[in-house]
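Here is the structure we will look at, set down as structure tokens.
The values are calculated or read from the model by the stated rules, or taken from the named source; none is laboratory data. Remember, predicted model here, so these are calculated numbers, not experimental data. All Cβ positions, even for glycine, are placed from backbone atoms using ideal geometry, and neighbour counts span all protein chains on display.
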Amino acid sequence: MRSIGTLTRADLAESINRRVGLSRADSLDMVESILTHMSDALATGENVKISGFGTFLLRDKTERIGRNPKTGIEVPITPRRVLTFRASQMLKDRICAGG
């Protein structure tokens with residue numbers, strides 16, 4: 001059943017099993033397939049948008065100068081790609097309304 005405070009792959013598969021009627025194995029395969037498809041798209045540089053939920057965005061950050069908070073010494077931060085999530089307005093409204 002559902003873990004406290006964390007939604008897992010198994011929780012998603014269980015929900016599909018109950019709502020759609022697929023076997024537990026088929027439900028888990030479906031969850032894995034969706035997550036793999038999303039991961040593959042992100043790995044090839046595509047953003048992933050799920051209508052009514054949100055968008056996983058890739059951003060390329062350029063090199064910049066940062067500061068070590070302990071020592072105060074400036075150090076270069078290398079360029080990198082970061083993944084961010086922007087919630088849809090529908091999700092924001094649902095979360096702020098409490099359910």
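Scanning region 1-23 for residues that are at pLDDT 90 or above and either hydroxyl-bearing (Ser, Thr, Tyr) or touching a Pro at 6+ places or on another chain (Cβ under 6 Å) (or both), which turns out farthest from residue 35 (Cα to Cα)? The selected residue is 23. Residue under question is residue 13, and the condition is that it be surrounded by 13 or more Cβ atoms within 10 Å (Cβ to Cβ) and small (Gly, Ala, Ser); does it hold? Criteria met by residue 13. Among the residues of region 57-75, are any under 30 Å from residue 94 (Cα atoms) and of a type in the set (S, T, N, Q)? No, every residue in region 57-75 fails to be under 30 Å from residue 94 (Cα atoms) and of a type in the set (S, T, N, Q).
Checking each residue in region 27-70 for being assigned to a loop (DSSP other than H, G, I, E, B) and not hydrophobic (A, V, I, L, M, F, W, C) picks out 44, 45, 46, 47, 51, 52, 62, 63, 68, 69, 70.
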